[in-house]
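Please treat every number below as a calculation from the coordinates, not as lab data. In this text, all values refer to a predicted model and were calculated from it rather than measured experimentally. All Cβ positions, even for glycine, are placed from backbone atoms using ideal geometry, and neighbour counts span all protein chains on display.
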Amino acid sequence: MLNTMLDPYEDIPRSVVMTVNDYPAGSTYPSHSHRRGQFAFASRGAISLSTPEGNWLVPPQRACWVPAGVEHEMTMSGAVTMLNTFVSDEASRAAGLADQCGVYGVSPLLRQLLDEAVDLPALYDDDGRAGKLMALLVAEIATMPQLSLNAPLPADPRLARVCRRIFVEPSIAIDLDTVAAEAGMSRRTFTRLFRAQSGVSFAEWRQQVCLLAAIKRLSLGQPVTVVALDLGYASPSAFAAAFRRVLGETPSQYVEVNSRWMG
């Protein structure tokens, strides 16, 4: 577990502040929050993000947005280099940044802006080139596409208990009747309440949890076939089809493209 002392950026008199941190594989940054919104870019490695509302997975070369004040915990898959853009509430609202957590794609332009911004002094010239670069950085963040890499946690304690168990032992083969009985509900009641509280069906949620687990395991270098079978898929091809629907590439392509970024 990492030291809980936060970077001393909160009181820097600039609306946008950049930091960069390296974390060892498997380390966890325990539950905390910031007075600014945090756009965390996984320059190397993958990041698991959890809040009271659910879980997210940030693959290499993607990023997550955590609004100001949201309690969150981060766990590192592989050695992680994290570039953080901390944005004040006023600047976040002006740019139209989301008021909920999410995982986002990162454009080549945004990567270049992040690389430039991280080398700026903390008290950069707000009216000069540095200030314009930071303004462009936030504007580019606001245009990034959101990725379906989260699994919301229902508020009902019976559903939440079942979901937390599945987070620990994900499998696409988990049966609806089994989890309904575990929650002490009929199949019909479970199905209705789960969709009402999570916004998706149990089957969709179960697949999201499995894909989050898959990305984390692939980022640790585990073989595609082993990951597919461990997660209960009937075959590697069935796993690849589900993976591609969400990320736009097969697991093998994902590993090939991201191998140089994995810790």
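Using only Cα coordinates, the Kirkwood hydrodynamic radius of the chain works out to 19.4 Å.
For Thr189 and Gln146, a Förster radius of 25 Å and the Cβ-Cβ distance give a FRET efficiency of 0.20, rounded to the nearest 0.05. Placing a label point 7 Å from the Cα of Leu133 along the Cα-to-Cβ line, the residues of segment 17-52 whose backbone N sits under 16 Å from it are 17-20.
Computed on the chain, with alpha-carbon pairs under 8 angstrom and 6+ residues apart, the relative contact order is 20 percent.
Can you compute the equivalent ellipsoid semi-axes for segment 129-214, i.e. the square root of 5 times each eigenvalue of the Cα gyration tensor, sorted largest first and rounded to whole Å? If you can, show how the numbers build up before the last one.
Numbers: eigenvalues 266, 36, 21 Å².
Its equivalent ellipsoid spans semi-axes of 36, 13, 10 Å.
Calculate the dipole size of segment 16-147 relative to its Cα centre from +1 charges on Lys and Arg beta carbons and -1 charges on Asp and Glu beta carbons; express the result in debye to the nearest 20. Could the numbers behind the result be given before it?
Values: 8 positive and 14 negative charges, 53 e Å.
Dipole about the Cα centre, nearest 20: 260 debye.
Can you list the trypsin sites (Lys or Arg not before Pro) in segment 11-111 that are in a DSSP coil and have 14 or fewer other beta carbons within 10 angstrom? Please list the in-between numbers first.
Working: sites: Arg14, Arg35, Arg36, Arg44, Arg62, Arg93, Arg111; in loops: Arg14, Arg35, Arg36, Arg62.
Sparse-neighbourhood loop trypsin sites (Lys or Arg not before Pro): Arg35.
Inter-part distance, segment 133-196 to segment 68-82, computed on C-alpha centroids, equals 19 Å. Using only the alpha-carbon atoms, how far is helix 236-247 inclined from the longest principal axis of the chain? Give it as 0 to 90 degrees, nearest 10. Helix 236-247 sits at roughly 40 degrees to that axis.
Comparing Ile172, Ile12, Ile47 in a Gaussian network model of the chain (Cα springs below 10 Å), the most mobile by mean-square fluctuation is Ile12. Overall dimensions of segment 150-261, expressed as equivalent-ellipsoid semi-axes from the Cα gyration tensor (√(5λ), whole Å, largest first), are 28, 13, 12.
Residue-wise HN-Hα couplings along segment 111-124, as the Karplus relation 6.51 cos²θ - 1.76 cosθ + 1.60 with θ = phi - 60° gives them from phi, are 4, 5, 5, 4, 4, 6, 5, 5, 8, 6, x, 4, 9, 5 Hz; Gly and Pro carry x. One chain, two ends: Ser171 and Leu229. Fully extended at 0.36 nm per residue, the span grows by 20.0 nm beyond their Cα-Cα distance.
Rounded to the nearest 10 degrees, the inclination of helix 129-141 to the longest alpha-carbon principal axis of the chain is 20 degrees.
What's the FRET efficiency of Asp125 with Ala181 using the Cβ-Cβ distance as r and R₀ = 51 Å, to the nearest 0.05? Mind showing how you got there, number by number?
Numbers: r = 63 Å, r/R0 = 1.24.
It comes to 0.20.
The alpha carbons of segment 1-143 occupy a box of 40, 28, 26 Å along the principal axes, longest dimension given first.
Seen against the Cα atoms of the chain and their longest principal axis, helix 202-219 is set at about 60 degrees.
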